[in-house]
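Here is the structure we will look at.
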Amino acid sequence: MLRPRAVLGYVAHTIRHAPEGGVTYEAFCVAYRCGAESGPQDEQGAAQDWALRHTGRTGHTLFRRVYTDHARVTQATEPSHHPNPLGRESGGRQ
């Protein structure tokens, strides 16, 4: 009895910052029960200025800063024949 066979081809991809997507900056006050945040800002200085003003008004001094960029995934020019080109175990993160 013949069994069906599958031929698998793996395509390598890369991921890089996409400048056209821009970068977003945010600051979050982490003082107990505060929850105030700058909201998304196009300029790093705007989020920082918000944190400085918030400190001046409230005395809160600890903030979480978040920088978000956009990335583009593209197919690599060389094909990959290895099912796991990064050498990672399947099913988990490293």
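The values are calculated or read from the model by the stated rules, or taken from the named source; none is laboratory data. Computed from a predicted model, the values in this text were never measured in an experiment. In this analysis, Cβ positions are derived from the backbone assuming ideal geometry, glycine residues included, and neighbour counts consider all displayed protein chains. When the accessible area is computed, the model is the full protein with side chains, heavy atoms only, and any ligands, DNA or RNA have been set aside. Shrake-Rupley method; radii C 1.70, N 1.55, O 1.52, S 1.80 Å.
Can you compute 3J(HN,Hα) from phi for each residue in region 30-42, using the Karplus curve 6.51 cos²θ - 1.76 cosθ + 1.60 with θ = phi - 60°, rounded to whole Hz and x for Gly and Pro?
My calculation for region 30-42 gives 10, 5, 3, 6, 8, x, 5, 8, 6, x, x, 10, 7 Hz in order.
State to the nearest 20 debye the size of the charge dipole of region 39-81 about its Cα centre, where the only charges are +1 on K and R beta carbons and -1 on D and E beta carbons.
Details: 5 positive and 5 negative charges, 64 e Å.
Its charge dipole is roughly 300 debye.
Which cross-chain or sequence-distant (5 or more) residues have an amide H under 5 Å from the amide H of residue 36, H modelled 1.01 Å from N in plane?
Residues meeting the criterion, in which the H sits 1.01 Å from N, are 29.
Under a no-solvent Debye model with one identical scatterer per Cα of region 1-81, what's log10 I(q)/I(0) at q = 0.21, 0.24, 0.25 Å⁻¹?
So the normalised log intensities are -0.92, -1.05, -1.09.
At 0.36 nm per residue, minus the direct Cα-Cα distance, what do residue 70 and residue 23 gain on full extension? Give it in nm, one decimal, please.
On the way: separation 47, 0.36 × 47 = 16.92 nm, distance 0.70 nm.
So the extension gain works out to 16.2 nm.
Between residue 60 and residue 31, what is the label-to-label distance in nm when each label sits 7 Å out along the Cα-to-Cβ direction?
The two pseudo-label positions are separated by 0.7 nm.
What is the packing order of peptides 9-16, 48-55, taking the mean over residues of other C-beta atoms within 10 Å and listing the highest first?
Values: 9-16: 10.4, 48-55: 16.2.
Descending mean neighbour count gives 48-55, 9-16.
Along Cα→Cβ, 7 Å out, is where each label goes; now give me the distance between the ones at residue 46 and residue 16 in nm to one decimal.
The answer from the label model is 2.8 nm.
What order do you get for 22-28, 70-76, 36-42 when each peptide is scored by the mean count of other beta carbon atoms within 10 Å, highest first?
On the way: 22-28: 17.0, 70-76: 10.6, 36-42: 15.3.
Descending mean neighbour count gives 22-28, 36-42, 70-76.
Given charges of +1 on the Cβ of Lys and Arg and -1 on the Cβ of Asp and Glu, with all other atoms neutral, how large is the dipole of region 1-71 about its Cα centre, in debye to the nearest 20?
The dipole of region 1-71 has a size of about 500 debye.
Could you do me a favour and compute the accessible area per residue for region 1-61, 1.4 Å probe, result in Å²?
Roughly 80 Å² per residue, with all protein chains present.
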